[in-house]
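In what follows, a single structure is set out as structure tokens and then discussed.
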Amino acid sequence: MPSFPSQVTLKNGSIITIRLATIGDAPELIDTVSRYIADSPYIPMLPSEFHPTVEEEEVWIRSFLDKANSLLLVAEHDGRIVGNIDLTGSPRAIMAHTAMVGMGMLKEWRGLGLGAALLKAAIQWATDNPILEILWLQVYTANAAGMALYRGHGFVDHGVIPRYFQHEGQCHDCLTMSRQV
């Protein structure tokens, strides 16, 4: 398994620490996720839908710590969480070898290589995990940067579901992608 915490230097010279999330991260993680949901057109959740209590967030974080096929990493800069990635392993025995990828980061940290660093760390962890064989995700087809990132890390396209995401009177297509680990 990869060793956490690890450090990466982004395109702007900032040093980021990537580490396993802890229960104590709950309040700050709520704040970070609330901010990036509000600032991204490609997170399939409305800001009004994300309002966990600290206790609910602690339970969510604990679910990653307790499941051998799941992972939650946070990215920190100067001790503040600026992004995260999760691999949510299926709880069903017949699909326990699969995990869904979810990722987000604050707007000011996009385009600097943080997504690539988080994705690389999660893929390495999954590759070393004896349970996991497949990582999969869904992405807005309008998210060209996201699709390029995933394709650059070995994800392949599997199909588009037209009009899958609907908000603010707009419909958006969804691309499902996966990769072997």
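Since every read-out is calculated from the coordinates, none of them should be taken as a lab result. If you're wondering where the values come from, they're calculated on a predicted model, not measured in any experiment. Neighbour counts run over all protein chains shown; Cβ positions are idealised from the backbone, glycine included.
The DSSP beta bridges internal to the range 6-136 are antiparallel in roughly 90% of cases.
Using the Karplus relation 6.51 cos²θ - 1.76 cosθ + 1.60 with θ = phi - 60°, the per-residue 3J(HN,Hα) values for the range 4-10 come to 10, x, 10, 10, 9, 9, 7 Hz, with x marking Gly and Pro. Using Cα centres only, tell me the gap between the range 143-173 and the range 1-74 in whole Å. The distance from the Cα centre of the range 143-173 to that of the range 1-74 comes to 21 Å.
Toward the positive end of the charge dipole of the chain, with +1 on the Cβ of Lys and Arg and -1 on the Cβ of Asp and Glu, the farthest Cα among Thr32, Ala116, Gln170 is that of Ala116.
Sorting the segments 156-168, 81-93 by their residues' average number of neighbouring beta-carbon atoms within 10 angstrom, most packed first, yields 81-93, 156-168.
The dipole here belongs to the range 6-136: it is taken about the Cα centre, uses +1 on the Cβ of Lys and Arg and -1 on the Cβ of Asp and Glu, and is about 460 debye.
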